[in-house]
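Each remark here refers to the structure printed beneath this line.
The values are calculated or read from the model by the stated rules, or taken from the named source; none is laboratory data. In this text, all values refer to a predicted model and were calculated from it rather than measured experimentally. Neighbour counts are summed over all protein chains in view; Cβ atoms, including those assigned to glycine, are modelled from backbone coordinates with ideal geometry. These accessible areas exclude ligands, DNA and RNA; they are computed on the full protein's heavy atoms, side chains included. Shrake-Rupley method; radii C 1.70, N 1.55, O 1.52, S 1.80 Å.
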Amino acid sequence: MRFRVVPAAYVFLLRSTTAGDEVLLQLRQNTGYRDGHWAAAAAGHVEEGESVTAAACREAKEETGLVIDPADLVPVTAMHRTHRNHDPIDERVDFFFSCRRWSGEPEIVEEAKAAELGWFPLDGLPDPVVPHELFVLDGIRAGDLPAIVTHGF
């Protein structure tokens, strides 16, 4: 069997305030992965036959109720990551986008999977944040994130 990776799309919804940029995060619950951690408000697996931008927009709608035009997604980085446990589900390629335009007001749509939803300053994130997502958020804040990164190797 050939080596395979699981693709996922993440959308960091950003807004500007007088105090600086804020990001919308959700507090994970009942997912089986990093429950009790803050994470991107919209993220998930790319489905078979689906583009990564379509997946990003679909996840935003499913998780926050927001409608995003794919043209409003800004590529941030691609991350190749592993947990080094040889479990195929933990061999990933993650595509991170930022977005500053959408239709609607964010809300928790998947109530069983998200305990809270909130805006946080990029320089004042809650604790804990999912580690690989924190790496990307720190890079966004610092403005020095490479186009391709690795995590866990």
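How big is the antiparallel share of DSSP beta bridges in segment 71-153, given as a percent to the nearest 5?
Values: 9 of 13 bridges.
About 70 percent, rounded to the nearest 5.
What trypsin sites (Lys or Arg not before Pro) does segment 1-56 have in DSSP loop regions with at most 10 other beta carbons within 10 Å?
Details: sites: ARG2, ARG4, ARG15, ARG28, ARG34; in loops: ARG2, ARG4, ARG34.
Those satisfying the criteria are ARG2, ARG4.
Based on the mean of other beta carbon atoms within 10 Å per residue, what is the order of 100-110, 37-47, most packed first?
Numbers: 100-110: 13.8, 37-47: 21.0.
My ranking of the peptides, most packed first, is 37-47, 100-110.
At a 1.4 Å probe radius, which order do THR18, THR150 fall into by accessible area, largest first? Could the numbers behind the result be given before it?
Working: THR18 160, THR150 90 Å².
Per-residue accessible area, sorted high to low, gives THR18, THR150.
In the chain, with Lys and Arg counted as +1 and Asp and Glu as -1 at Cβ, which of these residues, HIS83, VAL46, GLY65, has the Cα nearest the positive end of the dipole, that is, farthest along it?
The residue sitting most towards the positive pole is HIS83.
What are the ³J(HN,Hα) values, in whole Hz, obtained from phi via the Karplus relation 6.51 cos²θ - 1.76 cosθ + 1.60 with θ = phi - 60°, for each residue of segment 73-79 in sequence order, with x given for Gly and Pro?
7, 10, x, 10, 6, 10, 10
Can you send over the solvent-accessible area of ASP72, 1.4 Å probe, protein chains only, in Å² to the nearest 10?
Number for this one is 40 Å².
Taking the Cα of HIS86, stepping 7 Å toward and past its beta carbon, and measuring to each backbone N in segment 1-29: which are under 18 Å?
What the label zone holds, given the 18 Å backbone N cut-off, is 1-5.
Ignoring ligands and nucleic acids, what accessible area does PHE153 show with a 1.4 Å probe (Å², nearest 10)?
Per-residue accessible area (PHE153): approximately 120 Å².
If R₀ is 25 angstrom, what is the calculated FRET efficiency for the pair ALA78 and ALA19, using the beta carbon separation as r and rounding to 0.05?
Details: r = 30 Å, r/R0 = 1.20.
For R0 = 25 Å, the calculated efficiency reads 0.25.
Using a probe radius of 1.4 Å on heavy atoms only, what accessible surface per residue do you get for segment 1-143? Whole Å² is fine.
On the way: 7540 Å² over 143 residues.
It amounts to 53 Å² per residue over segment 1-143.
Any idea what the dipole of segment 1-146 comes to, in debye rounded to 20, about its Cα centre with Lys/Arg Cβ at +1 and Asp/Glu Cβ at -1? Intermediate values should be presented prior to the final figure.
Values: 14 positive and 25 negative charges, 75 e Å.
Computed about the Cα centre, the dipole is about 360 debye.
Given a 1.4 Å probe and every protein chain left where it sits, what share in percent of the accessible area of segment 1-135 is carbon and sulfur? Show your work: numbers first, answer last.
Details: 3680 of 7190 Å².
Roughly 51 percent of what the probe reaches on segment 1-135 is carbon or sulfur.
Among PHE135, GLN29, ALA147, whose Cα projects farthest towards the positive end of the dipole of the chain, with charges put on the beta-carbon of Lys, Arg (+1) and Asp, Glu (-1)?
Highest projection toward the positive end goes to ALA147.
If you project the alpha carbons of the chain onto the principal axes, what extent comes out on each, in Å, largest first?
51, 31, 30
Relative contact order for the chain: what is it in percent, counting Cα pairs under 8 Å that are at least 6 residues apart?
Working: 318 pairs, mean separation 48.1, N = 153.
Averaging sequence separation for qualifying contacts and normalising by length gives 31 percent for the chain.
Tell me the mean residue ellipticity at 222 nm calculated for the chain from its helices only (DSSP H runs of n ≥ 4, each -39500 (n - 2.57), averaged over every residue, nearest 500). Present the calculation step by step, with values, prior to reporting the outcome.
Numbers: 2 runs with 25 residues, N = 153.
Per the formula, -5000 deg cm²/dmol.
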